[in-house]
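Novice: Let me begin by handing over the structure; questions about it come next.
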Amino acid sequence: MSSTDPSLDGELHAFFAQRLAPAAEALRQRGVRFFETAPDAAAPSYYVDHAATPDPFAELEPGRFAELLKAHWAGQQLPELAELAEPLMALAPRVGPKQEDAGDVSPFIYVMF
Amino acid sequence: MAVTVLGISAFYHDSAAAIVRDGQIVAAAQEERFSRKKHDPRFPRHAVNYCLEEAFIEPDELDAVVFYDHSLLTFDRVIKSLLSVAPRGEEQWLKAAPSVLGVKTYIADYIRDALKRDVKVLFTEHHLSHAASAFYPSPFAMAAILTMDGVGEWATTTIGIGDGQAVRLLKEIRYPHSLGLLYSALTYYCGFKVNSGEYKLMGLAPYGAPRYADTIRRQLIDIKPDGSFRLNTDYFGYLDTNVMTNERFCELFGGPPRKPESRITRREMDLAASIQKVTEEAVLALARHARQITGCRDLALAGGVALNCVANGVLLRERVFDRLWIQPAAGDAGGSLGAALLASHMKFGVPRKMHPAGRDTQQGSYLGPAYSSGEIRAFLDRSGYPYEVVADAAARSESIARTLASGKVVGYLSGRMEFGPRSLGSRSILGNPLRADTQTVMNLKIKFRESFRPFAPTVLAERCGEYFELDVESPYMLLVAPVRKERCLPFDLAALVNSNDDMLPIVSQPRSDIPAVTHVDYSARVQTVHRDDHAGFHDLIAAFERLTGCGVVVNTSFNVRGEPIVCTPQDAYRCFMRTEMDLLVLEGCLLWKEQQPKLADDQKWKEEYELD
């Protein structure tokens, strides 16, 4: 799945360094955590309620993906992420595979897919 | 007007399509069976075409296409996971970006382009798809639902309830805390392939002792009394590197991961036993909580962890619920079916129809393509392969049964292909369970796979209790049960294992009067076959019983290691000729190995398939 094009890797590297890493730092400064990473002996339970929506079906039209993503993150009070929605989607046509990838998803990091 | 919905799972692994008309399952199939690429993640164009053909419709007659996963929420999770560890994790970003920024951002358009129609495309949640696949085909009017896998969007485990035509999720455990990921991490560490080797680890577990179970409980996972759990991610690599485990994990278990294909040692056996034990504890606790919060007497299961048939057997024997039903395509392929069923009932309001006799509506999971005798004979005639037509079904069963009774191995293609990872008598390799050498012969000369791996029995449903301590049907080979005590023979596994890491002497020791299907812990992964589900297969086993007194056959998937299960007669013939099977049955046609011409230019066939 990884890019074999050095220029794409360069673009991805730049995006990570210039957009993702600063956003991560800003979120960290604000004390935002997306999940816990270790057990908590004092917690009575680790379950969370499922966030049910009235309609379990969504229409995710590609032309609205950035807008929906931005609204999703803005609704969670995450401006650092909301600001990333459009740049991420602007990046997509350049780094997303032009053809469907026939290779296996890396079994080692499949949570990323 | 009928409501027809196409469900699709794709772009991760095990792509599949399923079609449902008025709430009834018409067809379902995995793409790998057509493309011949194991766990094929690509858009399931062949499977979609097959489903549309089976339903006799054009794409514009579909009421909707439903994708099994909410790609925006998955995108959300991937980005947040990266930001949680940044500036670490860049390596992951470089590897994952082309995928997450690629097709997953324009799935709806991709589907429309593939179908060449402006169809309505809906998205639902990954675990809701699993839950729907578990509940709707089950025989239960109302049931608790438990789904467990690696990860969906955020949920990794959910508890829900199905009632009539509604499915609701109530509670969940979220990424990065996941039973599936924990099991996969151990799978990787023991030298097996993640996403396919989990089954091997489960099969290895009975050879070992759970001496690492306390370490796993103390360091890797905290399971609360209510079954909820959390991992200590300090020991895992999947948040910030490109591998499942890290140095701390290796230190915990005394060294680096086992290299794939290297010798399996006591450490791997004991790790397998340990993670299996902890998984069973977690599944039991989750199920107890599901019973408590739903008040339901029956449980429906799905998600990749539900393919752990050993844990399912423990769950059954503990009687947490009165009845269990497990979706046979419990992994992501089954999400296509769940998505289609969910939309049929909850979007389009199709009333749910139960089976009139109280059985499930999965139709034995025989939901794939079938091939007529005419098609098969045309193929054989065109290719010049010698065959014998035995049109009379009873005579055919007798002939095949005689072959099995003599210790020979049979490739068997009969009826519609199975949906899900198990062969259930439509695309199966069959053997004689009474012979102690069957396991070794089938593993090494036919499947070309590891010698320790056990084979499953298929038993006449009405005879099940005579062989196994199992008082319910197990039509999908998803329950492991003990072989009846009076059939078992003395066998000192500990002494054998301690004396030698080589497993061949162990697996060759008879452990019961059906040795080929009795695992080293006297267990068996049972399939019961009901005549209503597959008359031909049932009658074949009945014929074998008349000859031998044994109503059981060995049943393993019709493929070699790394190959998808065969779909067509052509696939079956190729596999037959590449292995030491003796007889190939293609519906009414019988092909004997010694009469066949050698396959031309086929010396390098093993290079076609990546080892699983």
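The values are calculated or read from the model by the stated rules, or taken from the named source; none is laboratory data. All values reported here derive from a predicted model rather than from experimental measurement. So basically every Cβ, Gly included, is an ideal-geometry build from the backbone, and we count neighbours across all protein chains shown.
Novice: Being surrounded by fewer than 18 Cβ atoms within 10 Å (Cβ to Cβ) and more than 20 Å from the chain's Cα centre (by Cα) narrows it down to one residue among B:Leu590, B:Leu547, B:Leu584, B:Leu540; which is it?
Specialist: B:Leu547
Novice: Any idea which residue in the range B:208-233 is farthest from B:Ala481 (Cα to Cα), counting only those that are within 8 Å of chain A (Cβ to nearest Cβ) and in a loop (DSSP other than H, G, I, E, B)?
Specialist: Only one residue fits best here, namely B:Asn232.
Per-residue answers, yes or no, for (1) modelled with pLDDT of 95 or more; (2) assigned by TED's automatic domain parsing to the domain that holds B:Asn443; (3) more than 25 Å from B:Trp325 (Cβ to Cβ); (4) part of a helix (DSSP H, G or I):
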site: B:Phe491; (1), (2), (3), (4): no, no, yes, no
site: B:Gln509; (1), (2), (3), (4): no, yes, yes, no
site: B:Phe537; (1), (2), (3), (4): yes, yes, no, yes
site: B:Ile541; (1), (2), (3), (4): yes, yes, no, yes
site: B:Arg546; (1), (2), (3), (4): yes, yes, yes, yes
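Novice: Just checking, which of B:Leu404, B:Leu430, B:Leu434 is of a type in the set (A, V, I, L, M), in a loop (DSSP other than H, G, I, E, B) and touching a residue at least 60 places away in the same chain (Cβ under 8 Å)?
Specialist: Just one listed residue meets the conditions, B:Leu434.
Novice: Now a separate question. Within the group B:Arg377, B:Arg435, B:Arg382, which residue is closer than 22 Å to B:Arg33 by Cα and more than 19 Å from the chain's Cα centre (by Cα)?
Specialist: It is B:Arg377.
Novice: Next question. Out of the range A:42-66, which residues are among the polar types (S, T, N, Q) and either more than 15 Å from B:Arg168 (Cβ to Cβ) or at the interface with another protein chain (Cβ under 8 Å from one of its Cβ atoms) (or both)?
Specialist: Within the range A:42-66, A:Ser45 is the sole residue that qualifies.
Novice: Oh, and also: Taking the range B:408-432, which residues are of a type in the set (A, V, I, L, M) and more than 21 Å from the chain's Cα centre (by Cα)?
Specialist: B:Val409, B:Val410
Novice: Right, next: Go through the range B:188-207 and give me each residue that's within 12 Å of another protein chain (Cβ to nearest Cβ) and either within 16 Å of the chain's Cα centre (by Cα) or part of a loop (DSSP other than H, G, I, E, B) (or both).
Specialist: Those that are within 12 Å of another protein chain (Cβ to nearest Cβ) and either within 16 Å of the chain's Cα centre (by Cα) or part of a loop (DSSP other than H, G, I, E, B) (or both): B:Phe192, B:Lys193, B:Val194, B:Asn195, B:Ser196, B:Gly197, B:Glu198.
Novice: Given A:Arg19, A:Arg28, A:Arg33, which one is more than 7 Å from every other protein chain (Cβ to nearest Cβ), in contact with a helix residue (DSSP H, G or I) (Cβ under 8 Å, 6 or more places away or on another chain) and closer than 28 Å to B:Asp222 by Cα?
Specialist: Result of the check over A:Arg19, A:Arg28, A:Arg33: A:Arg33.
Novice: Could you list, in sequence order, all residues of the range B:438-451 that are under 22 Å from the mean Cα position of the chain (by Cα) and not aromatic (Phe, Trp, Tyr)?
Specialist: Result: B:Gln439, B:Met442, B:Asn443, B:Leu444, B:Ile446, B:Lys447, B:Arg449, B:Glu450, B:Ser451.
Novice: Can you tell me which residue within the range B:242-273, out of those that are of a type in the set (Ser, Thr, Tyr) and in contact with a Gly (Cβ under 8 Å, 6 or more places away or on another chain), is nearest to the other protein chains (Cβ to nearest Cβ)?
Specialist: B:Thr245
Novice: For B:Ile79, indicate whether it is within 26 Å of the chain's Cα centre (by Cα) and either under 27 Å from A:Thr53 (Cβ atoms) or not assigned by TED's automatic domain parsing to the domain that holds B:Leu342 (or both).
Specialist: Spelling it out, it is not the case that B:Ile79 is within 26 Å of the chain's Cα centre (by Cα) and either under 27 Å from A:Thr53 (Cβ atoms) or not assigned by TED's automatic domain parsing to the domain that holds B:Leu342 (or both).
Novice: A further question follows. Any idea which of (1) modelled with pLDDT of 95 or more; (2) at the interface with chain B (Cβ under 7 Å from one of its Cβ atoms); (3) under 30 Å from B:Phe348 (Cβ atoms) is the one A:Pro39 doesn't satisfy?
Specialist: Condition not satisfied by A:Pro39: (3).
Novice: Just checking, does the range B:178-196 include any residue being surrounded by fewer than 19 Cβ atoms within 10 Å (Cβ to Cβ) and aliphatic (A, V, I, L, M)?
Specialist: Checked the range B:178-196: no residue is surrounded by fewer than 19 Cβ atoms within 10 Å (Cβ to Cβ) and aliphatic (A, V, I, L, M).
Novice: Given B:Val350, B:Val389, which one is farther than 18 Å from B:Leu146 by Cβ, crowded, with 18+ Cβ neighbours inside 10 Å and not assigned by TED's automatic domain parsing to the domain that holds B:Ala285?
Specialist: Being farther than 18 Å from B:Leu146 by Cβ, crowded, with 18+ Cβ neighbours inside 10 Å and not assigned by TED's automatic domain parsing to the domain that holds B:Ala285 holds for just one of B:Val350, B:Val389, which is B:Val350.
Novice: Got a sec? Which of A:Leu69, A:Leu12 is over 21 Å from B:Lys95 (Cα atoms), part of a helix (DSSP H, G or I) and either of a type in the set (Ser, Thr, Tyr) or facing chain B (nearest Cβ under 7 Å) (or both)?
Specialist: Just a single option satisfies the conditions, and that option is A:Leu69.
Novice: Output the number of the condition that B:Ala144 fails; it satisfies all remaining conditions of (1) touching a Cys at 6+ places or on another chain (Cβ under 8 Å); (2) at positive phi.
Specialist: Checking B:Ala144 against (1) touching a Cys at 6+ places or on another chain (Cβ under 8 Å); (2) at positive phi, the one that fails is (2).
Novice: Looking at (1) more than 24 Å from B:Val507 (Cα to Cα); (2) out of contact with any helix residue (DSSP H, G or I) (no Cβ under 7 Å at 6 or more places or on another chain); (3) buried (at least 20 other Cβ atoms within 10 Å of the Cβ), find the lone condition where B:Asp270 falls short.
Specialist: (1)
Novice: Turning to a different aspect of this structure: Mind listing whichever residues of the range B:155-171 are within 9 Å of another protein chain (Cβ to nearest Cβ) and surrounded by fewer than 24 Cβ atoms within 10 Å (Cβ to Cβ)?
Specialist: B:Arg168, B:Leu169, B:Leu170, B:Lys171
Novice: Okay, next question. Those residues that are surrounded by fewer than 22 Cβ atoms within 10 Å (Cβ to Cβ) and out of contact with any Ser or Thr (no Cβ under 7 Å at 6 or more places or on another chain), I need them from the range B:209-229; list them, please.
Specialist: B:Ala209, B:Asp214, B:Thr215, B:Arg217, B:Arg218, B:Gln219, B:Asp222, B:Ile223, B:Pro225
Novice: Of all residues in the range A:39-51, count the ones that are surrounded by 12 or more Cβ atoms within 10 Å (Cβ to Cβ) and assigned to a loop (DSSP other than H, G, I, E, B).
Specialist: 6
Novice: Could you check the range B:345-381 and list, in sequence order, the residues that are closer than 22 Å to B:Met417 by Cβ, in a helix (DSSP H, G or I) and among the basic types (Lys, Arg)?
Specialist: Scanning the range B:345-381 gives a single hit, B:Arg377.
Conditions (1) in the same structural domain as B:Val585 (by TED's automatic domain parsing); (2) acidic (Asp, Glu); (3) not in a strand (DSSP E or B), marked per residue:
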| site | (1), (2), (3) |
| --- | --- |
| B:Tyr385 | yes, no, yes |
| B:Glu398 | yes, yes, yes |
| B:Tyr412 | yes, no, no |
| B:Pro454 | yes, no, yes |
| B:Ala481 | yes, no, no |
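Novice: Restricting attention to the range B:90-143, report how many residues are surrounded by fewer than 22 Cβ atoms within 10 Å (Cβ to Cβ), acidic (Asp, Glu), within 11 Å of another protein chain (Cβ to nearest Cβ) and touching a helix residue (DSSP H, G or I) at 6+ places or on another chain (Cβ under 9 Å).
Specialist: 2
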